[in-house]
Amino acid sequence: ARAEDLGEHVINMHTSRRAPAPTAAGWSGYLDYQLSAFQSGGSDLGYGLAPTLNLSYGNWNFRSSHDYQNTGRDDDWLRTGTTLTLDQPELMARTTLGDITPSAGALSRSRAMAGIGFSRQFEMQPDFSSSPSFNASTAVTTSSTAEIYLNGQRVNTVDLAPGMYTFEDLRYYSGMQDVTMVIKDSYGRSQTVSMPFYYDDALLKAGLHEFSYNVGMARVPGSFNQYDGLAYSAYHRVGVTDWLTLGAQADGANDDRTAGAVARLKLGDYGVLATTFSQAQHADGSQGTAALAHYRYEAQKFNVYVSGQQQSEHYIESSDW
């Protein structure tokens, strides 16, 4: 009989499984504080207090940080940051309300704001891997044993009945890795198949989305608790295939904004090429563009990394320097 007629089976080769995300607990909290005293030259003795309050209930978390400084002549109490977050581990999603400073990826700017944000957080599921892993299929016509080797080290041994087998979810760090499968049947015959595979931990699995959307009031530069004007920041990537990830990003505050696109392409077993393009427009009407590209190849004995960036004159305003 053909192996296809004897059933199809899936073998998961990811063996180092971590504990699942912890179950939401009841109330908990703490108060952290720092006390300081200072004096410079002939000035009066000054002192400071920096408390942080953190409260949690279930998947909710409230955190507020403050800073008080007394120089002997004047004093100042500042709220340096306050956030309320809701985690949804089953969706790997986080909603944040309060002071946030999101990042929208390469060539974008971190826009400090007070508002609301929604983002994907893969680390909420400890055993989840967002990057593509090694997968391979083979036919087995007699009772056999499969030994899987990664860079010469055996990582798994599986007993196989006749049928079609898919070996999936073999994970490793970035770079070129040598995956070898040795299949030994009950008659003592063996077959060795070498399947080199290039891992990249910045690619997304096909169909997987990574994102961060944020909107609020822009924090006045140099201040802690003063806000003025609308601010936003958005970043979204999607795994089109296991070897191509595409995305877009945008951010802005007070008529100063940037927008662009990102792409990451695995070149088979020959490394990864990543590109980013961004265009900026400023409140005074000036515009500029910037582009970033880098190539990376990692192997057991050597690594290659090439990067280049082009930036026009008005991509960054002179006041930003």
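Just tell me which lysines come within less than 16 Å, Cα to Cα, of K205; anything on the same chain fewer than 8 places away is out. Those lysines meeting the cut-off are K266.
Normalised by the number of residues in the stretch 24-73, the average gap of Cα pairs under 8 Å and 6 or more apart makes the relative contact order 38 percent.
With all protein chains in place and a 1.4 Å probe, the accessible surface of the chain carries 54 percent carbon and sulfur.
Which FRET efficiency value, to the nearest 0.05, is calculated for A299 and R73 with the Förster distance at 45 angstrom and r the Cβ-Cβ distance?
Working: r = 63 Å, r/R0 = 1.39.
Calculated value: 0.10.
Of the options (i) 31; (ii) 39; (iii) 47, only one is percent of Cα pairs over 34 Å apart as computed from these coordinates, and that is (iii). Extending 7 Å from Cα along the Cβ direction at F38 and again at T241 yields two label points whose distance is 5.7 nm. The mean sequence separation of alpha-carbon pairs under 8 Å and at least six residues apart, normalised by the residue count of the stretch 89-196, gives a relative contact order of 21 percent.
Relative contact order for the chain: what is it in percent, counting Cα pairs under 8 Å that are at least 6 residues apart? Display every interim value, and only then the final one.
On the way: 819 pairs, mean separation 41.6, N = 321.
Dividing the mean separation by the residue count of the chain yields 13 percent.
Scoring 170-179, 72-81 by mean Cβ neighbours within 10 Å over their residues and listing the highest first yields 170-179, 72-81.
How many Å² of accessible area per residue for the chain, probe 1.4 Å?
The answer is 56 Å² per residue.
Note on Q121/L55: beta-carbon distance plugged into 1/(1 + (r/R0)^6) with R0 of 30 Å gives a FRET efficiency of 0.90. At the residue level, S28 shows approximately 70 square angstrom of accessible surface with a 1.4 angstrom probe and all protein chains present.
How far, in nm, would the chain grow between D169 and S129 when pulled straight, counting 0.36 nm per residue and subtracting the alpha carbon separation? Can you show the working numbers first?
Values: separation 40, 0.36 × 40 = 14.40 nm, distance 0.91 nm.
Result for the pair: 13.5 nm of gain on full extension.
Among Y297, A253, N12, whose Cα projects farthest towards the positive end of the dipole of the chain, with charges put on the beta-carbon of Lys, Arg (+1) and Asp, Glu (-1)? Value: N12.
Of the Cα atoms belonging to the stretch 146-265, the radius of gyration and Dmax stand at 23.9, 78 Å. Here the stretch 80-147 yields Rg over Rh of 1.30, to two decimals, using C-alpha coordinates and the Kirkwood radius.
Label separation (Q287 vs Y270): 3.6 nm, computed from points 7 Å beyond Cα along the C-beta direction. Counting only DSSP beta bridges whose two residues both lie in the chain, roughly 95 percent are antiparallel.
Please compute the volume of the convex hull spanned by the alpha-carbon atoms of the stretch 262-321 and report it per residue in Å³.
Looking at the stretch 262-321, the number lands at 86 Å³ per residue.
As a test, work out the antiparallel percent of DSSP beta bridges whose residues both lie in the stretch 213-321, rounded to the nearest 5. Each step should come with its number before you reach the end.
Details: 55 of 55 bridges.
If we restrict to bridges inside the stretch 213-321, about 100 percent are antiparallel.
The values are calculated or read from the model by the stated rules, or taken from the named source; none is laboratory data. The structure displayed is predicted, hence computed values, not measured ones. So basically every Cβ, Gly included, is an ideal-geometry build from the backbone, and we count neighbours across all protein chains shown. Surface areas here come from the heavy atoms of the whole protein model, side chains and all, with no ligands, DNA or RNA. Shrake-Rupley method; radii C 1.70, N 1.55, O 1.52, S 1.80 Å.
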